[in-house]
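Worksheet for the structure shown next.
Each value in this text was obtained by applying a stated rule to the coordinates, not by laboratory testing. Predicted, not measured: the structure shown is a model, and the values here were computed from it. Cβ coordinates were reconstructed from backbone atoms using ideal geometry, including for glycine residues, and neighbour counts include every protein chain displayed.
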């Protein structure tokens, strides 16, 4: 109760205490500031405005609090943001503050210090409000830094469907619109008891497309292999661990979020070929793939 009384007190006094010399991001995407600028006023609340699809925040020596307003960079009316979520991934050394979602003085905890240390990724609906990042009460702030990456994504990319097979139409559309499309096999599944996701290690024989370099080539001229890692919900990992899946080739598609590959549709490659060739004959394929 004492913690929330302190938070409410900070929020109620935010209008009066916001510093006129607030540090704004020069590129509108990234912000780097220091709590030492108001160390003598430990209850100061600083406003930060970020107008980008993705970026980062780094708060050195956190004291007081900062309010982080996230908005897309091309939407003066604010209509597009009504369907957007913001996803945050804390840096490995992030500590010294807790992250809340704040609207009209009401707070919802998004990332505790423990969850930041565990590398938890959390998302929230932009219409819920702004981020309220409150520094913890520590006498020694010299070794503390609160840092995270953020990315704005559509609601459909955040709410993941259960682990069900994709329809033929979904497979064809995934080939056209996914951030990555690769052909390969699953080598292993890495599961972590304290995470909601598992990681699939993939060996690729062909990379058709990738938005970011999440699949890397290892080897020399004339030989070698593309490899990469994809995130999946843990329940999907348990299902994929059944059967001789290491001997199968799949067409992996998915999205890249905060620098990580997330698995979408993943049909067996031979099944994909049947679907794709049938769509070519019918003239219904939405795009071409070599």
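Placing a pseudo-label 7 Å from each Cα along the Cα-to-Cβ vector at residue 225 and residue 282 gives an inter-label distance of 3.6 nm. Put in order of Cβ neighbour count within 10 Å, fewest first, the listed residues 85, 288 become 288, 85. Here the gap between residue 209 and residue 167, fully extended at 0.36 nm per residue and compared with their Cα-Cα distance, gives a gain of 13.0 nm. Each label was represented as a point 7 Å from its Cα along the Cα-to-Cβ direction; for residue 258 and residue 32 these points are 2.1 nm apart. If the chain between residue 234 and residue 271 were fully stretched, how many nm would it gain, using 0.36 nm times the residue separation less the Cα-Cα distance? Length difference between fully extended and current span is 10.9 nm. With each label modelled as a point 7 angstrom along the Cα→C-beta vector, the residue 247-residue 93 pair spans 4.8 nm.
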